[in-house]
Amino acid sequence: MMRISEKHIKALRRAESVDQVKSALASAIQLELATIPVYLSGLFSLKQNANRQAAALVQSVVVEEMLHMTLVCNTLIAIGGRPEITAAGQGLYYPGPLPLNINDGLQVSLKALTPEQIESVFMAIEKPDYDGVLPGEDVEAAPASVPGEYASIGDFYKAIGEALARLVESGEPVFAEPKLEEQVDVSRWFPPITRLVRSEKYDGKVSDLASAEAALGVIVVQGEGAQEGDGFTPIDSTDGAYAHYFKFGEIFHGKRLIENPSAPSGWSYAGEPVPLDEDMVFDLLPNAALSDYQSGTAAFFAAQQFYGSYMRLLGALDTVFHGEPEKLNDALGLMYEMKLVAQQVTRNPAGAAHPNRIAAPPFMLSHVQPKIGQEFN
């Protein structure tokens, strides 16, 4: 599971003002955003019309990460906050730790989609908060290295909900002006998530404590799966698909996850093949920044166009969450543009300084000292 320092949970438990919860939600937005370049780099490394099953699995996770960021933004807007997507994106550097120093500084890199990258980064990010035997494992997971000092991301979102509940109970007008007209109706742009919230048309908007808890619950279940009594299910109860960790597990193990009563977890990767042909994966320049490419080269021009598209996407998302939710169409159009430009970038070698590497779409302007990991008290 993604482990987070208990100090963040304790800070929320001590929260006496809604501003402290806003700060926690701002960190959550940056955390959700930070995973998207990681997964997109893997997706963009796949050659066209190859590894289609793996591509579909990664793309489905990217879409859900966008959904999670949107739900956190809706929650922040509902309590009077203002999401700042461009600032959050420009504060991300790779390789480096994820915001909130997740997993005690887990170093996250932007790399091609390989089994090593899937296991050490993708699955490490999404591993469920469950100490029992998971599919693909023979023994129970080792406990946290320092018990009592770490919690899970699920615990972090739960603590946000508890802080909101405590403030509401104390009489704080937390949801006095939820600005529903400024929130995104997720039912218009994302796959339906009606099963968990038991609503025929769940729009993801937050107007009170119950709708905030529902939004935060969707994020946890889609990412980690859920415990059922003493057991565990890899199934995302919002839509019946597998949670992120298990989608990546299908690529890593090369087979679909199926129920298997004889397996320790009751599940095993023994279904239909999910091939990952590494000959059809570009050996991308890891952790590419625009500054890695020599000015005037084809790689530089393509990378410059990609970075410009990425910056316009972040700006478009700011517009969306600053009162113009209908503009999400524009943002999604920019995501499609990024995919097309990424294909142009990967047609070029990375340059003489990076022999045998293929140019990678850059999510950074240059390599600078990491600034990620917003703190809150």
Margin query: Hydropathy at least 0.5 by Kyte-Doolittle, axial extent at least 18 angstrom from the Cα trace: which helices of the chain, defined as entire DSSP H runs, fit?
Written below: 18-44, 52-78, 209-224, 298-321
Next item on the list: Give, in nm to one decimal, the length gained when the segment between Ala56 and Asp208 is fully stretched (0.36 nm per residue of separation minus the Cα-Cα distance).
Entry: 51.2 nm
Next item on the list: Report the calculated FRET efficiency for Ser262 and Arg82 (r = Cβ-Cβ distance, R0 = 35 Å), to the nearest 0.05.
Entry: 0.10
Item checked: Gaussian network model of the chain, Cα within-10 Å springs - most flexible of Ser41, Ser268, Ser366 -> Ser366
Margin query: Would you calculate the convex hull of the Cα atoms in segment 1-53 and tell me its volume per residue in Å³?
Written below: 102
Note to self: For a bin width of 10 Å, list the pair-distance distribution of segment 286-325 built from all Cα-Cα distances, rounded to whole %.
What the structure shows: 29, 36, 21, 13
Margin query: Checking the cross-link filter: which lysines have an alpha carbon closer than 25 Å to that of Lys111, excluding same-chain neighbours under 8 positions apart?
Written below: Lys47, Lys127, Lys247, Lys255, Lys339, Lys371
Margin query: Just to be sure I follow the definition: excluding the sites themselves, where is the longest run in the chain that has none of the trypsin sites (Lys or Arg not before Pro) in a DSSP loop with at most 11 other Cβ atoms within 10 Å?
Written below: 15-197
Check: Taking springs between alpha-carbon atoms closer than 10 angstrom, which of Phe190, Phe156, Phe252 fluctuates most in the Gaussian network model of the chain?
Finding: Phe190
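We did not get these values from a lab; they are worked out from the coordinates using the rules stated. No experiment lies behind these values; they were computed from the predicted model shown. Counting neighbours? That spans all protein chains shown, and the Cβs are built from the backbone with ideal geometry, glycine included.
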